[in-house]
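Take a look at the structure below.
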Amino acid sequence: MDIGVCYFPEHWPRERWATDIEQMAAAGITYVRIGEFAWSAIEPEPGTHNFSWIETVLALLDEHGLQAVLCTPTAAPPKWLVDQHPEIHQQASDGTVNGFGSRRHYCYNSPVYREHTQRVVTALADRFSGADPVSGWQIDNEYGCHGTLFCYCSNCAMAFRDWLRDRYETIDRLNTAWGTAFWSQRYRSFDEIDPPRSTPADHHPSHLLDYHRFTNAGVVAYNRLQARILQAANDDWFVTHNFMCSHTELDPFAFRDALDFASWDVYPTGAPQTVPGKQPSREALRIGNADQLGLNHAWYRGVASDRFWVLEQQPGTINWPPYSPTPADGAMAFWAHHAVAHGADVVSYFRWRRCRSGQEQYHAGLRRGDGTPDRGYHDASRVAAELDGLADGEIDASVALVIDPPSLWALSSQPMAPSFDPWEQIKTYYTAIRGRGITVAVVSPTDPLESYPFVVAPSLHLLDAVRAEHLTQYVESGGTLLTTLRTGEKTRTNRLVAGMAPGPLTATVGATVAEHETVPDQFETRVTIDGSTFEYHTWAEALAPTTATCIGTHAAGVHQHRPAITRNDVGDGSCYYVGVWPTPALADKLISRVLSEAGIDQLDDRLPDTVRVASRGQYTWVFNFGTDSVTIAGDVTIGSATLEAYAYAVTTGSIDLLEIH
């Protein structure tokens, strides 16, 4: 549980480096990330490498007992390379070429770019394979940032056709799997298939889904290319990549075989401003949204090794969201504790010092542009000292949340309502579980489930017999499963199932979806459960139970008196199906009921949305994301028993012993 910082020595005079690193050590910083976006400094001319500046920085870090995280510089290819090989540029779906002048302007599938990537990463790995301060590597930077995940160039077209050949073997199988009889889209050969470039109407959903899979596979292969070089050079190095907040366009589970652990970049005041159609609260603009942060911590913790790092932690005001309010007092320490409480081993602030040139001049650092300490520096120093006094510990989760990125992609391509954001539905259930003080593990649809008494699997849209059987066996063995609307609606090739939803999970659910609709705000949307009535929104299904028991009934609208929520006994376990998108009150009612059935201890009352608890090892953290004070009972190790606005406390009591007033 250490603190780090991102440092760009190439931006500053050499005579400043020793002072900077001495000040890092004085602040209690352990890890220093360098080399990101530095390709032109590493290779100023084709084939001419300059490693001396990195060697100088490493020697200074070693002198002060600090560790280095080196970065491969491939997110920002130099001008000479793109001039020599313009074919490496990305191309948008309308044919626009992403030119030089910022970053992430390369195509993952360009053979030429992969060749130059291999060359520069090999040179770096060979040069620093024996450097003592180097503990590991970050590969590239934020895959897909700025909407750069998808490319539609000729390189991608050829690679996509080869990918389809491998997947389907014959064009007839592809035509059948996609259903290309619709709108005269039948293909005679794989060579006729293009990337889904701009069209006057919607693209074929199966085409879109497979292009998304192909794109994801290309990024995974590109990442693996770099990881293998680094791992071969020194097997003591760790290898990671810094993913982004709620970036569902990528499947981070697909990176497992090449990463020792995942990392992500945490910008709490910016992230709430990126949720479509939702205005962040005043509190979120100062301190962030508790469950947006927590869900991402859990997601990336679940990618590999049940651990993660924060490689970029917001240090103050930032330059990229619509608004950049000053974070609350102590926020930079608050966020570090929040990450550590959710399993982060290292929290690294971005950046050491505010840059005085380029696109990020309005992005704060721990120190100001003149080198003097900013608020973030004092927070980082404080939290480094606080963490130094805590013992490490493991995360023990009793509820698993299943996330299937391809299902999110398919749902996003045909949402059927402007407000249907599948990630937000996942967050609805995560919020309800965390509101009862329960720790959540995020898992993939193929991960083992037997250690969790309760599994929540929202909208597993693309469901085949194998994955359905995996869930069924879990329930039959005594597990409690809750799944939701639009589950099993499509095949893995994004076609509606031949029968009725939930398709291959029908026997386990014990009901089918007789009808569904998307519901505008003008409609009455209510369900009754256990004698109480609750609101829902966005999506509604009328269910037809076979073996299931109806526990929730539509109380208004065209589906009035018809089943909306069911429960089915299967073997030694049970399966709940929720056919509506619940409001927070309904989600809490459902989750509390199922937690009790699964035998999981929970808080008696739902926590305020601005208060969250998290346990790691022997410690329990309490976080106040709001402005009302919170009083807790317990042995407080850090902080105080009364948490004022935007404060945190660390206790040695378990969650069930805490009393929050």
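The values are calculated or read from the model by the stated rules, or taken from the named source; none is laboratory data. Treat the numbers as computed from the prediction; the structure is a model and nothing was measured. With ideal geometry, Cβ positions are generated from the backbone for all residues, glycine too; neighbour counts draw on all protein chains shown.
Conditions (1) touching a Gly at 6+ places or on another chain (Cβ under 8 Å); (2) surrounded by 24 or more Cβ atoms within 10 Å (Cβ to Cβ), marked per residue:
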| residue | (1), (2) |
| --- | --- |
| Gly330 | no, no |
| Val347 | yes, yes |
| Trp352 | yes, yes |
| Ser357 | no, no |
| Ala364 | yes, yes |
| Arg375 | yes, no |
| Glu386 | no, no |
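Residue selection: Ala598 satisfies the criterion of being more than 23 Å from Ala501 (Cα to Cα), touching a residue at least 24 places away in the same chain (Cβ under 8 Å) and not polar (S, T, N, Q). Just one residue in the set Arg114, Arg119 is touching a helix residue (DSSP H, G or I) at 6+ places or on another chain (Cβ under 8 Å), assigned to a helix (DSSP H, G or I) and of a type in the set (Lys, Arg); that residue is Arg114. Checked against the criteria, Leu390 counts as surrounded by fewer than 20 Cβ atoms within 10 Å (Cβ to Cβ), assigned to a loop (DSSP other than H, G, I, E, B), touching a residue at least 40 places away in the same chain (Cβ under 8 Å) and out of contact with any Ser or Thr (no Cβ under 7 Å at 6 or more places or on another chain). Restricting region 181-194 to residues that are at pLDDT 95 or above and either part of a loop (DSSP other than H, G, I, E, B) or in the same structural domain as Val97 (by TED's automatic domain parsing) (or both) leaves a set whose member that is surrounded by the fewest Cβ atoms within 10 Å (Cβ to Cβ) is Arg188. Val466 meets each of the listed conditions (1) aliphatic (A, V, I, L, M); (2) exposed (fewer than 15 other Cβ atoms within 10 Å of the Cβ); (3) in contact with a Phe, Trp or Tyr (Cβ under 6 Å, 6 or more places away or on another chain) apart from (3).
Taken as a whole, region 274-286 holds no residue that is part of a loop (DSSP other than H, G, I, E, B) and closer than 23 Å to Gly4 by Cα. Here Cys71 fulfils each of the conditions (1) surrounded by fewer than 20 Cβ atoms within 10 Å (Cβ to Cβ); (2) modelled with pLDDT of 95 or more apart from (1).
Taking strands (runs of 3 or more DSSP E) as the structural unit, no element lying wholly within region 1-89 holds at least 3 residues that are over 25 Å from the mean Cα position of the chain (by Cα). In region 610-622, the count of residues that are assigned to a loop (DSSP other than H, G, I, E, B), in contact with a Gly (Cβ under 6 Å, 6 or more places away or on another chain) and among the basic types (Lys, Arg) is zero. If a residue has to be touching a Phe, Trp or Tyr at 6+ places or on another chain (Cβ under 9 Å) and not in a helix (DSSP H, G or I) to count, how many in region 317-337 make the cut? Final tally of qualifying residues: 10. Cβ separations smaller than 8 Å between residues 6+ apart or across chains give the following pairs from region 195-218 residues that are touching a residue at least 12 places away in the same chain (Cβ under 8 Å) to residues that are part of a helix (DSSP H, G or I) and surrounded by fewer than 17 Cβ atoms within 10 Å (Cβ to Cβ): His204/Phe182; His204/Trp183; Asp210/Arg167.
Filtered by the rule that a residue be of a type in the set (Val, Ile, Thr) and surrounded by fewer than 19 Cβ atoms within 10 Å (Cβ to Cβ), region 249-276 gives Thr274, Val275. Picking from residues in region 301-331 that are at pLDDT 95 or above and of a type in the set (Asp, Glu), the one that is nearest to Gly626 (Cα to Cα) is Asp329.
Taking each residue of region 42-66 that is in the same structural domain as Thr30 (by TED's automatic domain parsing) and surrounded by 15 or more Cβ atoms within 10 Å (Cβ to Cβ) and looking for partners that are of a type in the set (S, T, N, Q) and in a strand (DSSP E or B) with beta-carbon atoms closer than 9 Å, six or more apart or interchain, yields Leu61/Gln67. Checked against the criterion of being on the phi > 0 side of the Ramachandran plot, in a loop (DSSP other than H, G, I, E, B) and not assigned by TED's automatic domain parsing to the domain that holds Trp423, region 248-267 has no qualifying residue.
The rows are residues; the columns are (1) out of contact with any Leu (no Cβ under 8 Å at 6 or more places or on another chain); (2) under 30 Å from Val57 (Cα atoms).
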| position | (1), (2) |
| --- | --- |
| Val134 | no, yes |
| Cys151 | yes, no |
| Ala177 | yes, no |
| Ile193 | no, no |
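Filter region 431-456 for residues that are aliphatic (A, V, I, L, M) and either over 15 Å from Leu481 (Cα atoms) or free of Cβ contacts under 8 Å to residues at least 12 places away in the same chain (or both); which is surrounded by the most Cβ atoms within 10 Å (Cβ to Cβ)? Among those residues, the one meeting the criterion is Ala432.
One residue stands out in region 224-245 among those that are of a type outside the set (A, V, I, L, M, F, W, C), within 24 Å of Asn296 (Cβ to Cβ) and out of contact with any Leu (no Cβ under 8 Å at 6 or more places or on another chain): the one that is surrounded by the most Cβ atoms within 10 Å (Cβ to Cβ), namely Gln226. Among the residues making up region 358-390, those that are hydroxyl-bearing (Ser, Thr, Tyr) and either more than 15 Å from Tyr7 (Cα to Cα) or touching a Cys at 6+ places or on another chain (Cβ under 6 Å) (or both) are Tyr362, Thr372, Ser381. Restricting region 530-543 to residues that are small (Gly, Ala, Ser) and free of Cβ contacts under 8 Å to residues at least 40 places away in the same chain, the residue that is farthest from Asp421 (Cα to Cα) is Gly531.
Filtered by the rule that a residue be β-branched (Val, Ile, Thr) and surrounded by fewer than 18 Cβ atoms within 10 Å (Cβ to Cβ), region 554-582 gives a lone residue, Val558.
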